[in-house]
Structures are given as C-alpha cells and as structure tokens.
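Report on the structure given below.
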Amino acid sequence: MSWLPATAGGATPLDRVFGLRPDLYEPFRAFYAVFWSDRLLDPVVLELARLRVAQLLRCESEQQVRYAPALDAGLTEEQIARLPDWPRDSAFTDAQRAALAFAEQFVLDPHGIDDDCRDAVIDHLERPGLVALCEALALFDGFCRFRTILGVEAPGAVQTVPAPAAAMSLA
Amino acid sequence: MPARHPIRGDVLALQPEASARFWRLYGHLWAHGVLDHGIKEVARLRNARITDCGY
C-alpha cells in the first residue's frame, strides 16, 4: 500500500496511485502502450532495457513485472537473472548489449553517451529505433522514480502481464 | 524554407505515433491540472539545470 493517505480505486497498485489523476493516467497509458502495440522496438530489447533501468534505480515494483510479448519472443527468467552481469555474459546478443549499454548510461549520466555508444544502437536498431529507445528509457526512468517516491506497492512475486494497452490497468 | 522545430520536426518525427501520444500527454500536463504554471516551470527548469540540458 502506498504511504498516500488516500488512494483511488483500481485493480493494481499503480492504478490506485496514478488513478488519483485520471486525466493524466489515461494519456500516459496511451503513450506507454505504443511501444508494444506498434512494436517500436524488439520486445526482448525493450523488456531488458526496462528491467535494467528498474534494477539500477532499485525499483522493486517495476522489477516484479514481466510483459508477455518479451517472454513470447524468447526472453527467459534465467536471462533476466543474469541481467546485472550482462557486460561479461554471452547470453546477450550484440543488439541487446548495445541497448543495455545505452540504457545504463542514460540513467547514470546521459552526457556520458558518446558516439560509439550511440552508433552501436543505430547499427542494430537504426535511427528510429534509437529515438524509440530514448523515449522508452525516459518513461522507464521517470516512472521508476514515480513508483519509488509515491510508494507504489510491489507485488509479492513476479507477475507476467499482457502488453500494456491504453484501456487496461498497468501493473 | 520554414524553420523546423528541432525536436518535433527532426528527432521525434522518426517515431510519429509515439510523438503524437507524447505531445498529447505533455500538452495535457501543461494545460490542465492542480499545480499552477509557475511551479511547473520552476520544476522543469530546475530539472534541466541539474541534468545540464541546454534546450
């Protein structure tokens, strides 16, 4: 339960906090969902980036969520368990490594993203993919902080949920 | 040739649907809500300064 003295209704902890501002929650969900509905990035790359941001920011509620499209595309719990050690782990593809290096630097110091880091993403994801990755990382980074600061409750165990959609609750 | 917006016209145009949904959310954030514009602007500028974002 959030520390907020009053929460909204809803099916998920995020619903009950963000639902206090339904006029913002609805367009937020519509924006969030587009990364999956329009497949702006490979779903495994997207999921690894989201989870790595959550790990760096120690956001428990975000780390407990798995979006089904990534699992359907081959992401496993074993690979997720190895994510903190990705620079030394051969389980990650070159495209995933490029995105993870970019994601880590995005969170820690965006001015530290040099030409090599950026060009590696472009080589694998092309320029529209780089833009999509930046937008996704801005969402993941910002809303890990949102969840942490407002005390959005983490589920007791890992939960796999469908791809986000504008009309659905967010886990 | 008319000047292009450096973010809308060049960068975000590479992802038009995401851009449209972002601007809908961002526009709503600025045009509505319970915080006055001064607080939003101070927070925005302070965030930009901390992250050393010149834009």
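Computed from the coordinates by the stated procedures, all read-outs in this text should not be read as laboratory data. These figures come from a predicted structure and were not determined experimentally. All Cβ positions, even for glycine, are placed from backbone atoms using ideal geometry, and neighbour counts span all protein chains on display.
Brief remarks on what is shown
- In the condition set (1) buried (at least 16 other Cβ atoms within 10 Å of the Cβ); (2) within 30 Å of A:Thr7 (Cβ to Cβ), A:Ala68 is compliant with all but (1).
- Residue in segment A:93-111 that is more than 16 Å from the chain's Cα centre (by Cα), over 21 Å from A:Leu41 (Cα atoms) and surrounded by fewer than 19 Cβ atoms within 10 Å (Cβ to Cβ) present: yes
- Restricted to segment A:1-30, and to residues there that are crowded, with 19+ Cβ neighbours inside 10 Å and hydrophobic (A, V, I, L, M, F, W, C), the residue that is farthest from A:Phe146 (Cα to Cα) is A:Ala30.
- Helices (runs of 4 or more DSSP H) contained entirely in segment A:14-115, each with at least 3 residues that are more than 14 Å from chain B (Cβ to nearest Cβ): A:43-56, A:60-63, A:68-72, A:77-81, A:94-108
- Total residues in segment A:156-171, condition part of a loop (DSSP other than H, G, I, E, B) and in contact with a strand residue (DSSP E or B) (Cβ under 8 Å, 6 or more places away or on another chain): 5
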